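Enquirer: I have a structure I would like to understand better, so I am pasting it below and will then ask my questions one at a time.
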Amino acid sequence: IPYRKQLLKSSFFCASFYNNGTTTTTPGHTAICTGVYQSINNSGSEIPMYPSFMQAWRKYSGKPAEKAWIVASKDKLAVLNNCKDTKWQNNYQPMTDCGINGLGTGYRDDLTTLNKVQSILSTHEPNLMLINFKQPDAAGHTGDSLAYVQGIFDTDNYVNLLWNFIQSNAHYKNKTALIVTNDHGRHSAGHLDGFISHGDDCAGCRHIEFLALGPDFKKNYITTTAYQQIDIAPTIAYLLGFKMPIGNGKIMKEMLEE
């Protein structure tokens with residue numbers, strides 16, 4: 001990940017970041033968005049139990065739907081725009097641009113997703129966005145190690161291109177936070193089928209990345225303090241001046257500039 005090694009000089013990095021819930025795609029993203037670990041169906045047939053930070057922010061801010069977006073290569077992640085909680089269901093939902101053409105239409109390539117992200121940022125100037133790239137996960141499941149490694153390189157490049165886009169856009173430059181993390185890891189080497197799969201509580205599946213760029217965060221700072229996925233939502237809420245209505249995570253104040 002050469003670009004992220006470069007970005008590390010101007011970012012906060014947590015070397016001990018974990019998914020302590022179900023280590024699959026939809027549950028991992030649900031934990032990131034809601035601050036709650038939930039055993040949710042991974043196929044895209046079930047919406048989360050609790051509201052996301054996007055729904056909570058829209059209620060707090062009064063902003064319209066086009067100011068918060070879920071943009072994902074995986075169509076099933078469109079379910080993140082709603083929840084089962086009756087106080088929130090069908091209310092304050094973000095916009096979605098997921099998969100080929102929404103839920104049930106299949107995955108699309110990550111370059112298309114990056115182009116969609118840049119177009120939405122330019123057109124709608126949203127305040128919040130959750131972005132999903134399917135690689136290297138999709139390549140890993142095929143068992144093709146070369147494609148898996150290429151997926152790592154490609155995603156690293158997309159992160160760099162996205163940050164450069166943000167910093168070259170007058171609306172976002174020096175006013176925007178970019179958090180890079182994973183929904184899950186992969187099986188540790190020598191455990192079951194290794195990088196091909198994931199989904200249990202082995203160290204490889206649980207130990208994931210957390211890198212944060214932006215004016216609010218410490219620079220060239222690496223922590224070994226243990227944090228986890230459910231800490232992301234309350235930290236985002238803290239940065240934007242509201243509180244999550246429910247959640248078990250903690251605010252990652254260590255990452256913030258004094």
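Enquirer: Hey, any hits in the stretch 128-150 for a residue that's touching a Leu at 6+ places or on another chain (Cβ under 7 Å) and among the aromatic types (Phe, Trp, Tyr)?
Expert: Within the stretch 128-150, not a single residue is touching a Leu at 6+ places or on another chain (Cβ under 7 Å) and among the aromatic types (Phe, Trp, Tyr).
Enquirer: Can you say whether ASN101 is over 23 Å from ASN115 (Cα atoms) and in a loop (DSSP other than H, G, I, E, B), as far as the supplied structure shows?
Expert: It is false that ASN101 is over 23 Å from ASN115 (Cα atoms) and in a loop (DSSP other than H, G, I, E, B).
Enquirer: Quick check on this structure: which one of ALA139, ALA78, ALA72 is within 19 Å of PHE195 (Cα to Cα) and among the aliphatic types (A, V, I, L, M)?
Expert: So the residue among ALA139, ALA78, ALA72 that is within 19 Å of PHE195 (Cα to Cα) and among the aliphatic types (A, V, I, L, M) is ALA139.
Enquirer: Hey, another quick one. What number of residues in the stretch 32-52 are closer than 19 Å to LYS74 by Cβ and among the aromatic types (Phe, Trp, Tyr)?
Expert: Residues flagged as closer than 19 Å to LYS74 by Cβ and among the aromatic types (Phe, Trp, Tyr) within the stretch 32-52 amount to 0.
Enquirer: When you scan the stretch 45-60, do you find a residue that is closer than 14 Å to ASN132 by Cβ and either charged (D, E, K, R) or open to solvent by less than 10 Å² (accessible area, probe 1.4 Å) (or both), even just one?
Expert: yes
Enquirer: Under the condition of being within 14 Å of LYS67 (Cβ to Cβ) and open to solvent by less than 60 Å² (accessible area, probe 1.4 Å), which residue from the stretch 86-95 is farthest from the chain's Cα centre (by Cα)?
Expert: Ranking the qualifying residues of the stretch 86-95, first place goes to GLN93.
Enquirer: Further question on the same structure: Residues of the stretch 1-30 being assigned to a strand (DSSP E or B) and either open to solvent by 60 Å² or more (accessible area, probe 1.4 Å) or within 23 Å of ALA72 (Cα to Cα) (or both), which ones?
Expert: PHE17, TYR18 - these are the residues of the stretch 1-30 that are assigned to a strand (DSSP E or B) and either open to solvent by 60 Å² or more (accessible area, probe 1.4 Å) or within 23 Å of ALA72 (Cα to Cα) (or both).
Enquirer: Identify all residues within the stretch 182-201 that are closer than 13 Å to TYR18 by Cα and buried (at least 17 other Cβ atoms within 10 Å of the Cβ); write none if there are none.
Expert: Listed by number, the residues that qualify are ASN182, ASP183, HIS184, GLY185, ARG186.
Enquirer: Let me ask another. Would you pick out the residues in the stretch 122-172 that are assigned to a helix (DSSP H, G or I), open to solvent by 50 Å² or more (accessible area, probe 1.4 Å) and of a type in the set (Asp, Glu)?
Expert: If the condition is that a residue be assigned to a helix (DSSP H, G or I), open to solvent by 50 Å² or more (accessible area, probe 1.4 Å) and of a type in the set (Asp, Glu), then ASP154 is the only one that fits.
Yes or no, residue by residue, for (1) within 26 Å of TYR3 (Cβ to Cβ); (2) assigned to a strand (DSSP E or B); (3) not hydroxyl-bearing (Ser, Thr, Tyr):
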| position | (1), (2), (3) |
| --- | --- |
| ILE70 | yes, yes, yes |
| CYS83 | no, no, yes |
| THR112 | yes, no, no |
| LYS116 | yes, no, yes |
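The values are calculated or read from the model by the stated rules, or taken from the named source; none is laboratory data. Remember, predicted model here, so these are calculated numbers, not experimental data. Cβ coordinates were reconstructed from backbone atoms using ideal geometry, including for glycine residues, and neighbour counts include every protein chain displayed. Note: areas computed on protein heavy atoms with side chains; ligands, DNA, RNA excluded. Shrake-Rupley method; radii C 1.70, N 1.55, O 1.52, S 1.80 Å.
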